[in-house]
Amino acid sequence: MELQNTVKEALNALYHHPDDSIRLQADRWLQEFQRTLDAWQVADNLLHDSSSNLETLIFCSQTLKSKVQRDFEELPSEAFCPLRDSLNSLLKTFSKGPPKVRTQISLAVAALAVHVPAEDWGGGGIVIWLRDEINTHHEVIPSFLELLKVLPEEIFNYKIAARPDRRRQFEKELAAAIEVALSILTACLKINEFKEKVLEAFASWLRLRHRIPPSTLASHPLVLESLSTLNSDVLSEASVNVISELIHYSAARNVDGISVQMPLIQVLVPQVMNLKAQLRDPEKDEEDIKAIARLFADLGDSYVELIATGSNDSMLIVHALLEVTSHPEYDIASMTFNFWHNLQISLIERDSYVPLGTEALIEAERNRRLQFFRSSYESLVSLVSFRVQFPLDYSDLTKEDQKDFKQTRYAVADVLIDAALVLGGEATLKILYMKLVEAVNTCLHVESNDWRPAEAALYCIRAISDYVSFAEAEVMPQIMSLLPKLPNQPQLLHTVCLTVGAYSKWLDTAPNGISFIPSVIEVLVNGMSMSEDSAAAASLAFRHICDDCGKKLCGSLDHLFQIYQRAVVGEGAFKFSADDSLHVVEALSMVITELPSDQAKKALEALCMPAVIPLQEIINQGPELLGQKPSREVTVHIDRLANIFRYVNHPEAVADAVHRLWPIFKAIFDIRAWDTRTMESLCRACKHAVRTSKIFMGITVGAMLEEIQGLYQKHHQSCFLYLSSEVIKIFGSDASCANYLKSLIESLFSHTRCLLQRIEDFTSRPDIADDCFLLASRCIRYCPQIFFPSVIFLPLVDCSMIGVTVQHREASNSILSFLTDIFDLGNSSVGKQYISIRDSVIVPRGSTLTRILIALLTGALPSSRLEAVMYALLGLTRAYGVKTIEWAKESISLIPATAVTDMEKSRFLQALSNAASGAKLEIATIPIEELSEVCRRNRTVLEIVQGVLRPLEMNI
């Protein structure tokens, strides 16, 4: 009683106390209470207490539901009957009580049914038990109907801590009882007030696919009742749900194919098709229109393969779906978008035609179908393209509504791509071009001056750019001629710039594309000056043009440098952000790549100057000032150099530039090594220089590595490790660098090993752990001859065993990848010669490593990391076969049978044995995943398993 009163007081404080801290304290106490064993009895007592208020009833019903779902194993076996009877009593008590409470009690009973085998319910399982209860207690039918509805829904509710075997068995029990369930629902259908609930429950049971013969369903009273409501003035939501489920049911694949479903399909389709006229009925409620549209969308999605065959009957459904697509409300029209996408796939992909046999028959049938649906997709282009037009009040919309509008545009762009794949890019472009011409005439009209239709047409034209031939010569020249004539409205100019960028390959390839380049570059320069958004679009488009038309632009380098100067130095009225200006840096870098080597060197020097001069000026002001500068004032220039080194593909020229710039880089390394942001920027620049220049960087790389090797010991910047891994990738196999690289990695790894001695170190420095083991994996791939014989290999394995339980995703994944790479060493011809060294380290630690990996699998890491853990464990198994299975046996035997049964352990070990024998990965993974699920099924089991495996104490 004292605890019950405390619960009531805590709930009162939670909902009514004015002090936030008291409410938070009450919430925490209640959460902890829900995890206790006492919560069973207290929640049950308060639910049976007629004086409990609604807040108490809701909390206690939720508590009891979650206890049954997660903690049922806390109870002794003899508790089942009293618990079932108590819940049954509560179902009756709340039959006409608060719906929230009744729902929670129903879910608790359903969860109990998932846990407890059918025979424990009296021999016939819960559905028979439920039928008998309904026959005896007519007055509480609402509660029992709700329970009947949630039962099939709970099969795949993984909040219920049932073992996989039991979950599969429960599904079989329900499947066996489906006729009884439908007979209960059919009997209750006669009571008019329960019709809606009956149909809701029926829809739920239909989700158990292929359990009822379609011929039986076609004439079933529940189906006929659902269809009869389609002719009423107001559609029943439950009936619509039933028909939707029936449509999916009749389309679900089974061994007998579609023919067995035809009796049901022939009943459903005509009834739904009769609703087509109501789509345009102005007196029809919008919710009813949505329901009708949903049914047509379901027909399309479910029967898309039948529709794609191009019969006259299928065209009736397509016309109905076009009708839905044309609806003014986007939420209704967009219901069909998935159908148009799936129909396109069916029409285009070869797999749809394979049964036809010969290539000639396949091609002929494909062409026939594409022609058959041509007019539908032409209509589709017109029906969706207007939806991307900016609303008049766009600037007044909330950020959320503006975001929704952008999502609408993305969705429409996807539909236009589907159309282009069916019609061809050129045919789609012609339709959109006609809309553009009409819009431009409106736009340029003095009285109208409405830019929005032109912007919408250009947005659509841009969306299909990847599907328009580079040789298109009819429409594209006219579009390119129109662009410079459009008004300088910011949003319109933004889309004009993006359209130019999208067709940059056309400008390079089309016979007369080059003639448009000067005018479109002027358009882009205009965009750079208009607004921040248009400048961002223009800079990106400028990059695309310089990338694709680089050879053609080599003769215009002076003009391009003028644009570059204005963008980077800040001369003129360009409205760039620093990030957008990087696109211009990349653009010029790409053009310089097209120059001959002798010209490229000079151009590269000029390209670097706007970034080098300010850096040199900062350095000239002395070390103190360089150390005090805000990071951004330094990194903005370094980032530009990084992009130059990345995109100027002249290895010798870049190597020479970096060599000349090394004194500047060294000064920044020396003075600002404490500053993570600057170091990351500088290491990125060095990384791109190494990637581009490769062996030409030889001299400078030595100085660079010497610098970071010394600085790492003092400042522990993880980017130094990342830069080293890039160097290893380029120079790892170079025998002349072996001694130098050996010294480097031993120094870096030894110092990192000192930093990462406990799991707490990994948690506080996950970036160092991540980059350390990325570097180690690079060493395995690119210089195993240095890495495996080195003194650091063994300590690094030990280090990985300490840190692999770190919760940081990237760090944990890097460590697991490192271990997997070690285990998979025998898969590469180069790696095989180091297997004896690997084995001398791994085998003595095999038992411990296996135990740690099993602990990770069973809960030490989140389930989202399961795939990476499995790869590591299966890698260990493939490498050591029987030994790994013995190690796994040792670990798995520690787990008590209350947590994992002998059968579950046996399946897990058999999966490892299959993997060791070379079985396919998917055969091994299911039992391993099920062991993981079993061990995570609730908090108590998780704690038991981790308590015996103790992964944190297992490191050497």
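Quote the accessible area belonging to Met903 in square angstrom, nearest 10, computed with a 1.4 Å probe and with ligands, DNA and RNA left uncounted.
110
Ignoring ligands, DNA and RNA, what percent of the accessible area of segment 691-812 is carbon or sulfur (1.4 Å)?
53
Given the protein chains as shown and a 1.4 Å probe, how many square angstrom of Asp120 are accessible, to the nearest 10?
Rounded to the nearest 10, that gives 80 Å².
When you count, for each residue, the other Cβ atoms within 10 Å and take the mean per peptide, how do 695-708, 720-733 rank with the highest first? Walk me through the numbers on the way to the answer.
Values: 695-708: 18.5, 720-733: 22.4.
Peptide ranking by packing, descending: 720-733, 695-708.
What FRET efficiency comes out for the pair Leu942/Glu359, r = Cβ-Cβ distance, R0 = 51 Å, nearest 0.05?
My answer for the efficiency is 0.35.
Using R₀ = 51 Å, calculate the FRET efficiency as 1/(1 + (r/R₀)^6) where r is the Cβ-Cβ separation of Asn45 and Glu286; round to 0.05.
0.60
I'd like the accessible area for Lys8, computed on protein heavy atoms only with a 1.4 Å probe and all protein chains in place. Round to 10 Å², please.
So the heavy atoms of Lys8 present about 60 Å² to solvent.
Mind ranking Glu930, Glu594, Glu32 by accessible surface for me, highest first, 1.4 Å probe? Before the final figure, lay out the partial values.
Values: Glu930 35, Glu594 70, Glu32 105 Å².
Ranking Glu930, Glu594, Glu32 by accessible area, largest first, yields Glu32, Glu594, Glu930.
Under 28 Å Cα to Cα from Lys190, which lysines show up? Leave out anything in the same chain fewer than 8 places away.
Lys92, Lys96, Lys100, Lys149
Taking only C-alpha pairs under 8 Å that are 6+ residues apart, what is the relative contact order of segment 669-790 in percent?
Once normalised by length, the contact order is 29 percent.
If we count every other residue with Cβ under 14 angstrom of Val388's Cβ, Lys/Arg +1 and Asp/Glu -1, where does the sum land? Intermediate values should be presented prior to the final figure.
Details: positive: Arg387, Lys406, Arg409, Lys435, Arg452, Arg462; negative: Asp404, Asp414, Glu455.
Summing Lys/Arg as +1 and Asp/Glu as -1 gives +3.
For segment 514-563, report the accessible area per residue in Å² (1.4 Å probe, heavy atoms, rounded to an integer). All intermediate terms of the calculation are to be shown ahead of the outcome.
Numbers: 1970 Å² over 50 residues.
Counting only protein heavy atoms, the per-residue value for segment 514-563 is 39 Å².
For segment 878-895 and segment 898-912, what is the separation of their C-alpha centers, rounded to whole Å?
If you average the Cα positions of each part, the centres end up 12 Å apart.
Would you please put 450-463, 874-887, 160-173 in order of how densely packed they are, using the mean number of other Cβ atoms within 10 angstrom per residue and starting with the highest? Before the final figure, lay out each step's value.
On the way: 450-463: 23.6, 874-887: 20.4, 160-173: 18.0.
Highest to lowest by the protection proxy: 450-463, 874-887, 160-173.
Considering only protein heavy atoms, what per residue accessible area in square angstrom results for segment 1-50 with a 1.4 angstrom probe? Mind dumping the intermediate values first?
On the way: 3240 Å² over 50 residues.
On a per-residue basis, 65 Å².
Straight distance only, please: which lysines reach the Cα of Lys601 with their own Cα at less than 25 Å, same-chain residues fewer than 8 apart left out?
Lys551, Lys552, Lys666, Lys687, Lys694
Could you order peptides 581-587, 599-605, 867-873 by the average number of other Cβ atoms within 10 Å of their residues, highest first?
581-587, 867-873, 599-605
Does the chain come out rounded, prolate or oblate, given a ≥ b ≥ c as the square roots of the eigenvalues of its C-alpha gyration tensor, rounded meaning a/c under 1.5 and, failing that, prolate meaning a/b above b/c?
Note, shape of the chain comes out oblate.
How far is the Cα center of segment 726-779 from the Cα center of segment 204-234, in Å?
65
To the nearest 20 debye, what is the magnitude of the charge dipole of segment 114-256 about its Cα centre, counting +1 on the Cβ of each Lys and Arg and -1 on the Cβ of each Asp and Glu?
Here the size comes out at about 520 debye.
So which GluC sites (Glu not before Pro) in segment 226-322 end up in coil per DSSP with only 10 or fewer other C-beta atoms within 10 Å?
Qualifying residues, ordered by number: Glu283.
With the contact rule set at Cα under 8 Å and sequence spacing of 6 or more, what percent relative contact order holds for segment 225-346?
23
For segment 410-453, which whole percent of the accessible surface, found with a 1.4 angstrom probe, sits on carbon and sulfur atoms?
With neighbouring chains kept in place, the figure for segment 410-453 is 55 percent.
Does segment 675-791 come out rounded, prolate or oblate by the C-alpha gyration tensor, with a ≥ b ≥ c the root eigenvalues, rounded set by a/c under 1.5 and, if not, prolate when a/b is larger than b/c and oblate if not?
Oblate, since a/c reaches 1.5 and b/c is not below a/b.
Given only helices, namely DSSP H runs of n ≥ 4 each adding -39500 (n - 2.57), what is the per-residue ellipticity at 222 nm of the chain, to the nearest 500 deg cm²/dmol?
-23000 deg cm²/dmol
If the cut-off is a Cα-Cα distance under 14 Å, which aspartates and glutamates reach Lys8, setting aside same-chain residues fewer than 8 apart in sequence?
Within the straight-line cut-off, Lys8 pairs with Asp27, Asp44, Asp49, Glu55.
Under 8 Å for C-alpha pairs, at least 6 residues apart: give me the relative contact order for the chain, rounded to a whole percent.
Relative contact order here is 5 percent.
Once each part is reduced to its C-alpha centroid, what is the distance from segment 484-505 to segment 77-137 in angstrom?
Between the Cα centre of segment 484-505 and that of segment 77-137, the gap is 65 Å.
Please say if segment 405-549 is rounded, prolate or oblate, where rounded means a/c under 1.5 for a ≥ b ≥ c the square roots of the C-alpha gyration tensor eigenvalues, and otherwise the choice is prolate for a/b larger than b/c and oblate otherwise? Don't skip to the answer; put the middle values down first.
Values: a/c = 1.33, a/b = 1.06, b/c = 1.25.
Rounded, because the longest to shortest axis ratio a/c is under 1.5.
Quick one: pull the percent of accessible area on segment 177-303 belonging to carbon and sulfur, 1.4 Å probe, ligands and nucleic acids left out.
50
Could you tell me the calculated FRET efficiency between Ala473 and Ser733, based on Cβ-Cβ distance and R0 = 45 angstrom, to the nearest 0.05?
So, using R0 = 45 Å, E works out to roughly 0.35.
The values are calculated or read from the model by the stated rules, or taken from the named source; none is laboratory data. Predicted model, so just to flag it, every value in this text is computed and none were measured. Note: ideal-geometry Cβ built from the backbone for every residue, glycine included; neighbour counts use all protein chains shown. Protein only, heavy atoms only, side chains kept; ligands, DNA and RNA dropped before computing areas. Shrake-Rupley method; radii C 1.70, N 1.55, O 1.52, S 1.80 Å.
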